[in-house]
């Protein structure tokens, strides 16, 4: 199950990361602004956020046996449709379809399922699974960039659709529900979470934090390739830097999950968020290629560690029967933050003609996320003291 969901999320998140590679060719052909084009990423993020809650409720009630197959088929369809787009309405609509019935159904419901296949070291299992998203966001955009330069953007979308169909559909047929979630689904008595705070309060805290941390991380995900090509680097070099960032994220997600097992999910979330907030600010300020590669490594490692830490927080703080809904609700705010960050980054560029304001905004959003996590940490510590040392 770890391998299957790793692979499916690689494809799903790889398509998201590829938007940054398509951004300039589409803007050049159709005359769209950076803000208009980057809203394609926002369309995926918003649709993933909205429909993710719906899929989460269905997953907790009926299981996730066929979720992967539906998501695989829709991803292939959306990519094929994108190869024939001719307007912003098509561009937004097909990416909305990809998010609502592809990415949303593959991401959090299947992560929730994987997390409860493991009672020992679930953080490591989720970290490895979540590493698929970073791997896909690094590898897929690189090859997409090569295809665009060789054949044009329409052929690149068509090739992606064919490749996704060959890989995703057979894998999706192998998905099985975890025994623990299956028992929780059919049991008349809810299984308790065992965490000191209520599940509803946990979801509220994580959702607020995720909203801001995803604003922070989405700016470089959407705008790193345009930033580098604007600075004089070739498209190949820009996609290589993005690939390095995402491949560093593979290690970051595994480390973030393992760190959650070792020191606790919430402290791991805080420390990885601190790294992402510090490093994101420097992308427009570093010009030498060696410095950019180094920055890509450290940012990719920490931002991806944030992603797996969020999953581990939810896995360890809620019950098996509520897991898909909890992850879907927190993902709603995460995807909303991703959508806003990508869009606001483009708007800052349109107003100023450079990316300094965009990346400053990302860092400020990261600081707000850290403040929320500190308050959550304090609330959890007080609740623990009340349980262990009641007045």
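The values are calculated or read from the model by the stated rules, or taken from the named source; none is laboratory data. These figures come from a predicted structure and were not determined experimentally. So basically every Cβ, Gly included, is an ideal-geometry build from the backbone, and we count neighbours across all protein chains shown.
Those helices (runs of 4 or more DSSP H) of the stretch 1-90 in which 1 or more residues are at pLDDT 95 or above and more than 18 Å from the chain's Cα centre (by Cα) occupy 67-82. Restricting attention to the stretch 290-316, the residues being surrounded by fewer than 24 Cβ atoms within 10 Å (Cβ to Cβ) and at pLDDT below 90 number 1. Given the criterion under 26 Å from residue 354 (Cα atoms) and part of a helix (DSSP H, G or I), identify the matching residue among 237, 314. So the residue among 237, 314 that is under 26 Å from residue 354 (Cα atoms) and part of a helix (DSSP H, G or I) is 237.
Answer yes or no: is there a residue in the stretch 97-106 that is under 17 Å from residue 303 (Cα atoms) and touching a residue at least 60 places away in the same chain (Cβ under 8 Å). I'd like the intermediate steps shown before the answer.
First, the residues of the stretch 97-106 that are under 17 Å from residue 303 (Cα atoms): none.
Looking through the stretch 97-106, none of the residues is under 17 Å from residue 303 (Cα atoms) and touching a residue at least 60 places away in the same chain (Cβ under 8 Å).
Of everything listed in (1) in contact with a helix residue (DSSP H, G or I) (Cβ under 9 Å, 6 or more places away or on another chain); (2) under 21 Å from residue 353 (Cβ atoms); (3) surrounded by fewer than 24 Cβ atoms within 10 Å (Cβ to Cβ), the single unmet condition for residue 41 is (3).
Counting only helices (runs of 4 or more DSSP H) wholly contained in the stretch 114-211, the ones carrying 2 or more residues that are buried (at least 23 other Cβ atoms within 10 Å of the Cβ) and touching a helix residue (DSSP H, G or I) at 6+ places or on another chain (Cβ under 6 Å) occupy 122-151, 153-172. The condition of being farther than 20 Å from residue 170 by Cβ, surrounded by fewer than 24 Cβ atoms within 10 Å (Cβ to Cβ) and either out of contact with any helix residue (DSSP H, G or I) (no Cβ under 9 Å at 6 or more places or on another chain) or touching a residue at least 40 places away in the same chain (Cβ under 8 Å) (or both) holds for only one of 89, 82, 69, 16, that being 89. Would you call residue 347 more than 18 Å from residue 206 (Cβ to Cβ) and part of a helix (DSSP H, G or I)? For residue 347, the condition - more than 18 Å from residue 206 (Cβ to Cβ) and part of a helix (DSSP H, G or I) - is met.
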